[in-house]
């Protein structure tokens, strides 16, 4: 039995499903030196971020590191992007915290168990999207919805870090306004040492990139490498603060990460409880969709810079595998990380081998560095989280949009406020429904433009925008929208109104060059319009009907029912009507004979 | 003070808001004879239907008659349709029964109170739609959704009449399957006399139109009048059965309508209870939307036969007024009646004056005939209801649709089954969401067609369907869909893929003749596509961009960012590219000089 047969899945050969294999077959030694450097740099950024996002998600610090092992490696094996680094990300961590803290206390075993259920459900959901070819569903998360969501998530994340940042202990509050109102009256409880560490870390992290770049520029480092190294602020601040805590013996006066079990992750089984599974399912679906959209968009951007493309279907498989891997290795939901992927790119990472190098760095950390990290103050982690999410915020684009499309800006801000005030899930679903509503609304107010011949050309353009020629007995109207249930009545009404208003109209020509779809409601309307116009002695003709629409038009019987004809182009239709007019104006033989008689 | 100023509401003069006034000013005496005949015939059909639908809705019989007074007159005053007859209808009665029976026992005072709340809310909602110019919302009730809903409603109504039809008493069951399962084991309890009356009425009603037409044809009656008179079956069967019950003294052995209070309606005030108001609000909104869609569609059809149009805005005002009138006169929700409106039309009704005549007939019935109707058997009413709704069912069209648009058929049957199994509201909302989902899905899979020049013309058509000419270095792709969040990624992906596959492509021409909308997500995609193609040394150009889109394109900065140009037409673009090719192939002076040098 040939293995190739075994692995044949549908149309593609099996290596198409495991992009790492053909990649390693053609791997060159010069690639490895690039991947090694990039992997080491990314690894150094990954460790403090993984611990910080675990802290944000409410899972133990080792879970964050585990998320950079099996899930990251699975993505490296199955992913179609060469530079995308998958692992813990802030937005998924926030969504985990918002969901799971409703069911169990943070850091508890039950809490981690529910997190694993979410990983598994999210992974399976992504695979289902792939199998059912419904990946297009993620398009519903339009740019304004994602943008509003990410900005709201950033605000939520920053607020969620305030207790750790100030040292004020607030129990269980995750909802931002509850948290703020619990914090404000207790401002006197601020722990000066914690705040000092937090503020110092924040200032360090904000200043580090510019200072590092300045120094590296003087040392004549290449720009790309300098940019990668300047992202090492989190690692630097973590190591510095660990040294300070150690040297000054502050471990007891500060909230610190605490003991991290040394060694590699064991196999974990997500607990099964039908009710709980159904309860967290909506959150899992949303985490999966948001993670996929973000990963895909980062992957596409990086691929485009190398003139390559990523495969949307394969990305569903790879991200699904990564999350299922997370479920069975005690990690938490993973996605493509914007910051680490771009560092990987600028540090020269050429293939997913850099992710494998990064995984080795994480393994080394898990084996030898867990002791060091146990004295890392939570205040420093909160500063790392805050600075990371500030980078995600994007408030600039909205200003551009207002002039262009007010609907999009309204959708963006509505999503932002709904996420802040009504929660992550309601906010996202509300945003999606709002964008659909605006889309339906705009297509239900179709533009109907009267067109005429442009000079001597075969082009027909708007009589309002261009100096065009028309025929007195023909009203040519272009429908600038699909004809479907959302606008059939409006189109019918406008056609009847225009044809009744314009005296002398004998032919109504519907120019369908912009019509890509006619549904059953639309087709029924065309039949009705045709018979209503017939009573007014106006013939209805169509032109420029798309080839894809003709079978539907013919099957509906409109071709025979039509009082006019279906013309190939507006040009041919108008030439036909011109000849008809000339034939009418030129007296027929019978008329000439008739006139001669009385003489 | 001039009254005209007082009544000036916005842009239109006040008579525009009260179409009956200008109509009466131009009223001719010959119109009256037509309206009188039509009004008398419609009145005779209205009385038994009004009592039967009241029975279906679960309100006292007089409520049905009251619905043909003030509400009908208010519509006659404000409506823009000349032939539409507004009053009690089967579908609204079913929806009232399905909603109100959850809160109070049928025929109770509390039940009628809740019905009045629904009337008031429905009326106010229609006015809000008018004021907010959101009347287009009703388009969401697409043809398949309405069709599936009406068929399901007909089934529900027929099932709901089975207890009255057979004489088996079933308490309170309104949900069809509960009702059927309660009925089946009790078939032995069938009351033979009740069933006999019901079956005889059913046969009579089904046979009456054909027999009446046959007789009238022999008497040489004009077709239209014969058609109107042949609809008098309900009145005939009601009178006949009343005579039989009276003559045979069967009043005690049958369920009969019972005493109907004589006289005109008093003023009723819908009870106020915030919780109850919020509970029934969704039902009121749906009743309002369905009533409006049905009324508007009947009105449009009848108007078209007289080559007139009805005004969608004015219909919202008029139907809203009719329902608010119903709330304050002890009636129940009203809508345009298909059967009575078409009888009005075929009996020669020319103006809403026929509705006023019909109202006078109802007043006379309320004053003098209530005693007679008290012995009308419920079994006869159930037969009248059943025959009425059979006429509403429409199963034929779906067969046509399957070949055309499977989505529409799926939506129709899904709505039908959801209404049957999950209830009226859930079913309708589910149907609307399904039709939106299908629409979004189809527009998210846009057709991208490569086009070329058709012979010597200026037309560019699909290279697959026509024998067209292309240029080797230009890839002209027509986008057959709006560019928006639902498909931006797919369009980008297809453009990149096609341009990478076709070797030698230097220009990518996006033909936008079918693009009616570009939203923010789409615009962002075009910018990204432009810069990604630039890296592959392919220039992006657009052509045939609609005039309405140009401001958005310019404001987004695409005009400057574009590596190619925005051409007016595909023809001009291709001529430009042809010249470019010729210029490249023709050696320049410098090249000629260069070649001469070595010689």
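The values are calculated or read from the model by the stated rules, or taken from the named source; none is laboratory data. Being a predicted model, the structure only gives us computed values, none of them experimental. When we count neighbours, we look across all protein chains shown, and the Cβ atoms used for this are built from the backbone with ideal geometry, even at glycine.
When residues in the stretch A:129-169 are screened for being more than 14 Å from chain B (Cβ to nearest Cβ) and not in a loop (DSSP other than H, G, I, E, B), 18 of them pass. What about residue A:233, is it touching a helix residue (DSSP H, G or I) at 6+ places or on another chain (Cβ under 9 Å), within 23 Å of residue A:361 (Cα to Cα) and surrounded by fewer than 12 Cβ atoms within 10 Å (Cβ to Cβ)? Judged against the criteria, residue A:233 is not a match. When restricted to residues that are buried (at least 18 other Cβ atoms within 10 Å of the Cβ), more than 15 Å from the chain's Cα centre (by Cα) and more than 8 Å from chain A (Cβ to nearest Cβ), the stretch B:431-447 contains 2.
Scanning the stretch A:448-461 for residues that are more than 10 Å from chain B (Cβ to nearest Cβ) and not in a loop (DSSP other than H, G, I, E, B) returns A:448, A:450, A:451, A:452, A:453, A:460. Quick check on residue A:504: is it touching a helix residue (DSSP H, G or I) at 6+ places or on another chain (Cβ under 7 Å) and in a loop (DSSP other than H, G, I, E, B)? Criteria not met by residue A:504.
Is it the case that some residue within the stretch A:462-477 is part of a loop (DSSP other than H, G, I, E, B), crowded, with 21+ Cβ neighbours inside 10 Å and within 13 Å of chain B (Cβ to nearest Cβ)? The answer is no; no qualifying residue exists.
Yes/no per residue for (1) assigned by TED's automatic domain parsing to the domain that holds residue A:578; (2) in contact (Cβ under 8 Å) with a residue 60 or more places away in the chain; (3) touching a strand residue (DSSP E or B) at 6+ places or on another chain (Cβ under 6 Å):
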{"position": "A:433", "(1), (2), (3)": "no, no, no"}
{"position": "A:440", "(1), (2), (3)": "no, no, no"}
{"position": "A:452", "(1), (2), (3)": "yes, no, yes"}
{"position": "A:455", "(1), (2), (3)": "yes, no, no"}
{"position": "A:468", "(1), (2), (3)": "yes, no, yes"}
{"position": "A:471", "(1), (2), (3)": "yes, yes, no"}
{"position": "A:477", "(1), (2), (3)": "yes, no, yes"}
{"position": "A:485", "(1), (2), (3)": "yes, no, no"}
{"position": "A:495", "(1), (2), (3)": "yes, no, no"}
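Taking the stretch A:558-584 as the search range and keeping residues that are over 22 Å from residue B:467 (Cβ atoms) and touching a helix residue (DSSP H, G or I) at 6+ places or on another chain (Cβ under 8 Å), which one is nearest to the other protein chains (Cβ to nearest Cβ)? Once the filter is applied, the top-ranked residue is A:558.
Here is the figure for the stretch B:429-476: residues that are within 20 Å of residue B:405 (Cβ to Cβ) and touching a helix residue (DSSP H, G or I) at 6+ places or on another chain (Cβ under 8 Å) total 14. Does the stretch A:398-415 include one or more residues that are crowded, with 21+ Cβ neighbours inside 10 Å and either outside any helix (DSSP H, G or I) or out of contact with any helix residue (DSSP H, G or I) (no Cβ under 9 Å at 6 or more places or on another chain) (or both)? Checking the stretch A:398-415: at least one residue is crowded, with 21+ Cβ neighbours inside 10 Å and either outside any helix (DSSP H, G or I) or out of contact with any helix residue (DSSP H, G or I) (no Cβ under 9 Å at 6 or more places or on another chain) (or both). Let me confirm something: among B:241, B:227, B:160, which residue is under 31 Å from the mean Cα position of the chain (by Cα) and farther than 29 Å from residue B:431 by Cβ? Answer to the selection: B:227.
Consider the stretch B:498-511 and keep the residues that are under 46 Å from the mean Cα position of the chain (by Cα) and buried (at least 22 other Cβ atoms within 10 Å of the Cβ). The one that is nearest to the other protein chains (Cβ to nearest Cβ) is B:511.
Per the listing A:135, A:87, the residue uniquely buried (at least 24 other Cβ atoms within 10 Å of the Cβ) and in the same structural domain as residue A:32 (by TED's automatic domain parsing) is A:87.
For the stretch A:532-556, the set of residues classified as within 8 Å of chain B (Cβ to nearest Cβ) and either over 27 Å from residue B:463 (Cα atoms) or surrounded by 24 or more Cβ atoms within 10 Å (Cβ to Cβ) (or both) consists of A:532, A:535, A:536, listed by residue number.
Please tell me if residue A:516 is crowded, with 22+ Cβ neighbours inside 10 Å, modelled with pLDDT under 85 and within 7 Å of another protein chain (Cβ to nearest Cβ). No; evaluated as a whole, the condition is false for this residue. Taking the stated definitions as given, is residue B:78 closer than 30 Å to residue B:347 by Cα, surrounded by fewer than 24 Cβ atoms within 10 Å (Cβ to Cβ) and in the same structural domain as residue B:299 (by TED's automatic domain parsing)? In short, yes. Against the test of being under 30 Å from residue B:175 (Cβ atoms) and within 23 Å of the chain's Cα centre (by Cα), the options B:49, B:62, B:102 yield a single qualifying residue, B:49.
The one condition from (1) surrounded by 22 or more Cβ atoms within 10 Å (Cβ to Cβ); (2) part of a helix (DSSP H, G or I) that residue A:360 does not meet is (1).
Does residue B:87 fit the bill of being closer than 21 Å to residue B:392 by Cβ and in contact with a strand residue (DSSP E or B) (Cβ under 9 Å, 6 or more places away or on another chain)? Answer is yes for this residue.
Could you tell me whether residue B:117 is over 19 Å from the mean Cα position of the chain (by Cα), more than 14 Å from chain A (Cβ to nearest Cβ) and buried (at least 19 other Cβ atoms within 10 Å of the Cβ)? Criteria met by residue B:117.
Would you confirm whether any residue within the stretch A:41-57 is within 15 Å of residue A:340 (Cβ to Cβ), assigned to a loop (DSSP other than H, G, I, E, B), assigned by TED's automatic domain parsing to the domain that holds residue A:333 and at pLDDT 85 or above? No, the conditions are met nowhere in the stretch A:41-57. When residue B:209 is tested against (1) surrounded by 14 or more Cβ atoms within 10 Å (Cβ to Cβ); (2) under 22 Å from residue B:106 (Cβ atoms), exactly one condition is not met: (2). Exactly one residue out of A:343, A:334 is buried (at least 24 other Cβ atoms within 10 Å of the Cβ) and closer than 27 Å to residue A:277 by Cβ, and it is A:334.
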